[in-house]
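Asker: One structure is given below, represented as structure tokens, and several questions about it will come after.
The values are calculated or read from the model by the stated rules, or taken from the named source; none is laboratory data. What you see is a predicted model; the values in this text were computed from it and never measured. Methodologically, a virtual Cβ is constructed for each residue, glycine included, from the backbone with ideal geometry; neighbour enumeration extends over all protein chains shown. SASA here: full protein model, heavy atoms, side chains in, ligands and nucleic acids out. Shrake-Rupley method; radii C 1.70, N 1.55, O 1.52, S 1.80 Å.
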Amino acid sequence: MSDINSSFEIDYEQALTLTGFGWFHYRLLALCGLIYANTAIGITVMSFVLPSATCDFRMTSEDKGWLTAAPMLGMVVGSYFWGCLADTKGRRIVLIAALLLDGTVGLISTAAQIFPIFMFLRFINGFAITGAMGICFPYLGEFQPTAYREKILCWMELFWTLGIVVLPCIAWIIIPLPLKFGSPDGGIVFSSWNLFVALCSIPSLLLGLWLLYFPESPKFLIECGEHALALEILKDIYHINTGRDRNECPIGRLKESDRSNTIMETHNRSIRTFNIHDPKHMKILLPEIWEQTKALCSAEFRRNTALACVIQFGITTSYYTLMIWFPELFGRFEEYEKRYPNATVSVCDVSSIVLENVNDTLVDDFCGTEIDTKVYWHTLLLGIACIPTSLWLPLCVHRLGAKFFLIFSLMVAGLVTIGLAYVGNSTQNLILSCIFEALTSMGISTVYCVMVDLFPTNLRVMAAAFSLTFGRCGALLGNLMFGFLVDLNCLVPIVLFSIMLFGSAILCFFLPDTGTTALQ
């Protein structure tokens, strides 16, 4: 077998099949899955900081809207930046840089005592975490044989659920602690919520260091013209999966990419060898980046790019806004029901507990109120509710198809969002919130899975970044809008979110079928 194959060039899909499927792929799934779980924690950590830090920063609902929007603005700015970098310097190195930046800035933010500074640092966190989120799916997918790719990528949804479950557990343990160092007079105060933010930052640092022990994507290296290095990585994968010697690997030579590589043809060197700090190199790289961006809008990819961007905008606006605000709304329900037992109240009406008109002055009466333990429990139930859908997706995706899961999840989530405006108590609100969380999180993960097959290797991360930018713009607008309207007329954003979900579901009908094609 080895002698026969060594005399022929084989394509990347054949090479992946020959390396086998085993321990290497399980380790890689664990790494990328934990990165994805970590992004869930990084994005939603503000949901517990909002009620906990209300007094320290004297935040109004509008301030909370700005604080939740800051990481989303960072994601808007960072998505395209990291995408360009990953398609020029490589997936692995960019993942490491994004994770280490997120962890470092997260730790620094715990010492911020001024609201604008804290908000700016959370902006940097959003800037960093979007790099990890946008790249981990393409990085994982490019190591998977066609027969396993879609299912493996769908298992990532289970790790997102893990992050959603772990976060309230950490908050439940840390935030109620009677921890408060320093004094406002001294200018430095360190409370339990600061410790909570610090602990949530550490996984990013650990995952960035663990990633040092994993290779660059061989598919990306082939696109860069580095066939020898790609072959060595494939031999390592073969050795890890089979336990056999690297020299027994039945891969002789790898076919060159069918797509032209302008950098390689013109300069006879890999795009990875160019230094982004060198002005001369940047003069070469920027036109290449621009050409890749234009390619996304070319006749070949224009339709897929537009669909991905609009669908991402609709899902992300609804999901990231409500997910971050759910603990805040749970807390308002609990406080209202303490004051008015057995009363029936909607999500929109419950905000009266934080707005009291005293001599025509709006006073935030919610400040100083500890988070009720039911809020932690209800938020934990949101994560637990995602477990059935997280298992259903990878187990049935080959049978039902990714498009079915997208359309089903978004249509039902749209109906549930409308129902949120008509709940009469905290129990009804919790049930609908759990259904919403389970379905929309499954929809978002499925979109990432689909995008791996929609675009070729040289455009895959940039396409993901392009659509993520649209999605984060929606999340930014959604959080700002909800922060301003939650106390005034929260029915408006709820109706808009439901319309966006229905619209995204309809657009999913026009997506091509995926999961059966070879990785381009």
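Asker: Pairs please, first residue from the stretch 404-421 and open to solvent by less than 40 Å² (accessible area, probe 1.4 Å), second anywhere and part of a helix (DSSP H, G or I) and aromatic (Phe, Trp, Tyr), Cβ atoms under 8 Å, 6+ apart in sequence or on different chains.
Answerer: Note: pairs meeting the criteria are Leu410/Phe502; Ala413/Phe436; Gly414/Phe502; Val416/Phe436; Thr417/Phe436; Thr417/Phe497; Leu420/Phe436.
Asker: Test each condition in (1) touching a Pro at 6+ places or on another chain (Cβ under 6 Å); (2) under 16 Å from Tyr320 (Cα atoms); (3) among the β-branched types (Val, Ile, Thr) for Val461 and report the one that comes out false.
Answerer: (2)
Asker: Can you name every residue in the stretch 425-443 that is open to solvent by 10 Å² or more (accessible area, probe 1.4 Å) and either in a helix (DSSP H, G or I) or under 20 Å from Ala465 (Cα atoms) (or both)?
Answerer: Those that are open to solvent by 10 Å² or more (accessible area, probe 1.4 Å) and either in a helix (DSSP H, G or I) or under 20 Å from Ala465 (Cα atoms) (or both): Ser426, Thr427, Gln428, Leu430, Ile431, Leu432, Cys434, Ile435, Leu439.
Asker: Further question: Taking Tyr422 and the conditions (1) farther than 17 Å from Met323 by Cβ; (2) at pLDDT 80 or above; (3) in a helix (DSSP H, G or I), which numbered condition does it fall short on, given that it satisfies the others?
Answerer: (3)
Asker: Residue check, Ile237 against (1) at pLDDT 65 or above; (2) at positive phi; (3) not small (Gly, Ala, Ser), all met but one. Which one?
Answerer: Of (1) at pLDDT 65 or above; (2) at positive phi; (3) not small (Gly, Ala, Ser), only one is false for Ile237: (2).
Asker: Kindly provide the set of residues from the stretch 240-249 that are part of a loop (DSSP other than H, G, I, E, B) and either farther than 17 Å from His25 by Cα or touching a residue at least 60 places away in the same chain (Cβ under 8 Å) (or both), ordered by number.
Answerer: Answer for the stretch 240-249, where residues must be part of a loop (DSSP other than H, G, I, E, B) and either farther than 17 Å from His25 by Cα or touching a residue at least 60 places away in the same chain (Cβ under 8 Å) (or both): Asp245, Cys249.
Asker: So which helices (runs of 4 or more DSSP H) are wholly in the stretch 1-97 and hold at least 2 residues that are modelled with pLDDT of 80 or more, open to solvent by 20 Å² or more (accessible area, probe 1.4 Å) and farther than 20 Å from Thr317 by Cα?
Answerer: Result: 12-19, 23-44, 61-89.
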